[in-house]
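What follows is calculated from the coordinates using simple rules that are stated; it is not laboratory data. Source: prediction; values computed, not measured. Here the Cβ is made from the backbone with ideal geometry for all residues, glycine too, and neighbour counts use every protein chain on show.
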Amino acid sequence: MGDYLPPLTALRAFDAAARHMSFAKAAKELRVTPAALSFQIKSLEEHLGRPLFHRLNRAVELTEAGRALAPGATEGFAALQTAWQAARRQGNDTSLTVTAGPALTAKWLAPRLYDFARAHPEIDLKFSATLRIMDLERDDVDVAIRFGYGGDEGLYSLQVRKEWLTPVMTPDLAEQFPTPDSLRDAPLIFDDSIAFLQPPSDWPTWFRAVGVDYAPTHGAHFSNADHAIDAAVAGVGVVLGRRAMILKDLTEGRLVAPFKTAIETQGRFRFLCLPGAENRPQITAFRDWFMAEIEKTAHISDEFNIIPVQEVQSL
């Protein structure tokens, strides 16, 4: 038994079989025949000088040696995969994969992407609309746009403007409910996607900011911000809409914001990528475009009296 490492193909076969605890499933993952996979594992056992699996009637079990090898094999192939993806990205200046939440993608990014694509036809842009926590070293993602409080240690993190919220509704509903106090009788819509924010950025907080003693809980609740906004556009009710989610509908007249008081949350969007990756041409181009698009509508904030939610608590 030598000290040098066995063939990588044999270790890869063992790793797959140890994860699945099945030679058949491992062979299917690796796209080889069960006989070929069994041969690779047998050659690995000969190299080691002891068995790695107990072959049972319809199953396999790891031996003591197999249990010692399995964690390191899995970690080793995961590290190789990460390194391989990183190396491929270094030589690729034409593709860009961005992940953002479904609501931001639908309400903010998608309507604007034509301009980016027209300005940068050389970039093959791909989007993944998800709130799943991504590992930028392991997952095939270059940029993540996330909303919240941060916690972005080890990443390049560019924070953008804080979000504020104000009631928005159709023009017809605005005529029916002309004052903040009249909203007591309005059908209210709740965006539960921001329930995690502290201090709360919700209906009771906004009513407190405008001096109305009202803490509603009854109404239509939505787990996604874009669904809550779409319900407001359809005339279902009045939603406490976040700046980024309501801008397009406001500027195009589908929604109006008749009350010029907004509450500002401490949560904000962040532009995230691996350290150093911000200098890659396609990421630099997307970042600069993203920030420029935000600044195009910055003047809308000047129309509102924006009160930080932490200040509302003292009112």
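Within the same chain, aspartates and glutamates fewer than 8 places from K25 are excluded, and of the rest, those with a Cα less than 19 Å from its Cα are D15, E61. Could you tell me which residue out of V141, I123, P71 lies farthest along the dipole of the chain toward its positive end? Charges go on the beta carbon: Lys and Arg +1, Asp and Glu -1, centred on the Cα centre. Farthest towards the positive end: P71. The alpha-carbon of K162 sits under 16 angstrom from the alpha-carbons of these aspartates and glutamates, leaving out residues fewer than 8 places away in its chain: D202, E264, E293, E295, D302, E303, E311. Over the C-alpha atoms of segment 8-90, the Rg to Rh ratio, Rh being the Kirkwood estimate, stands at 1.01. Rounded to the nearest 10 degrees, what's the angle between the helix 281-296 long axis and the longest principal axis of the chain, both from Cα atoms, 0 to 90? So the inclination is approximately 10 degrees. Computed about the Cα centre, the dipole magnitude for segment 8-90 is approximately 320 debye when only Lys and Arg (+1) and Asp and Glu (-1) carry charge, each at its Cβ. When +1 charges are put on Lys and Arg Cβ atoms and -1 charges on Asp and Glu Cβ atoms, the dipole computed for the chain relative to its Cα centre reaches about 1060 debye. Think of each Lys and Arg Cβ as +1 and each Asp and Glu Cβ as -1; about the Cα centre, that makes the dipole of segment 239-315 roughly 240 debye. Rg of the Cα atoms in segment 219-274, relative to 2.2 N^0.38 Å, amounts to 1.27.
Computed from label points 7 Å out along Cα-Cβ, the spacing between K162 and F196 is 2.0 nm. Taking only the C-alpha atoms of segment 167-276, the Rg (one decimal) and the largest Cα-Cα distance, Dmax (whole number), read 14.3, 53 Å. Here is the list for segment 233-285: trypsin sites (Lys or Arg not before Pro) lying in DSSP coil, each with at most 15 other C-beta atoms within 10 angstrom of its C-beta, are K260. Taking every Cα-Cα distance in the chain and sorting them into 20 Å bins from zero, the calculated P(r) comes out as 27, 38, 25, 10, 0 percent. Rounded to whole numbers, the Karplus 3J(HN,Hα) couplings from phi for segment 222-228 are 10, 7, 10, 4, 5, 5, 5 Hz, using 6.51 cos²θ - 1.76 cosθ + 1.60 with θ = phi - 60°, and x at Gly and Pro.
Annotation: average projected area of segment 72-198 is 11.9 square nanometres, based on the convex hull of Cα atoms across all directions. A simple count of charges around K107, restricted to other residues whose Cβ falls under 10 Å of its Cβ and scoring Lys, Arg +1 and Asp, Glu -1, yields -1. The distance from the alpha carbon centre of segment 2-34 to that of segment 92-122 is 39 Å, rounded to a whole number.
If you plug each phi of segment 147-164 into the Karplus form 6.51 cos²θ - 1.76 cosθ + 1.60 with θ = phi - 60°, what whole-Hz ³J(HN,Hα) values come out, in order, with x for Gly and Pro? Karplus-based 3J(HN,Hα) across segment 147-164 equals 10, x, 9, x, x, 9, 4, x, 10, 6, 10, 10, 7, 10, 4, 5, 8, 10 Hz. Between F53 and T63, the built amide H atoms are under 5 Å apart, and every one of these is 5 or more places off in sequence or on another chain. Grab the beta carbon distance between R184 and T251, set R0 = 30 Å, and tell me the FRET efficiency rounded to 0.05. The value I calculate is 0.55.
Taken one residue at a time, the phi angles of segment 105-115 give Karplus couplings (6.51, -1.76, 1.60, θ = phi - 60°) of 4, 6, 8, 10, 6, 4, x, 9, 5, 4, 5 Hz. Gly and Pro are set to x. Once the chain from D139 to Q313 is taken as fully extended at 0.36 nm per residue, the excess over their C-alpha distance is 58.6 nm. Estimated from helical segments only, the mean residue ellipticity of the chain at 222 nm is -11500 deg cm²/dmol, where each DSSP H run of four or more residues counts as -39500 (n - 2.57).
With axes computed from alpha carbons, what is the tilt in degrees of helix 64-90 against the longest principal axis of the chain, rounded to the nearest 10 within 0 to 90? With rounding to tens, the tilt is 50 degrees. Along the axis of the charge dipole computed for segment 205-296 (Cβ charges of +1 for Lys and Arg, -1 for Asp and Glu, origin at the Cα centre), the listed residues P281, H227, L255 are led at the positive end by P281.
Amide hydrogen proximity for D124: with H placed 1.01 Å from N in the peptide plane, the residues at 5 or more positions away or on another chain lying under 5 Å are S95, L96.
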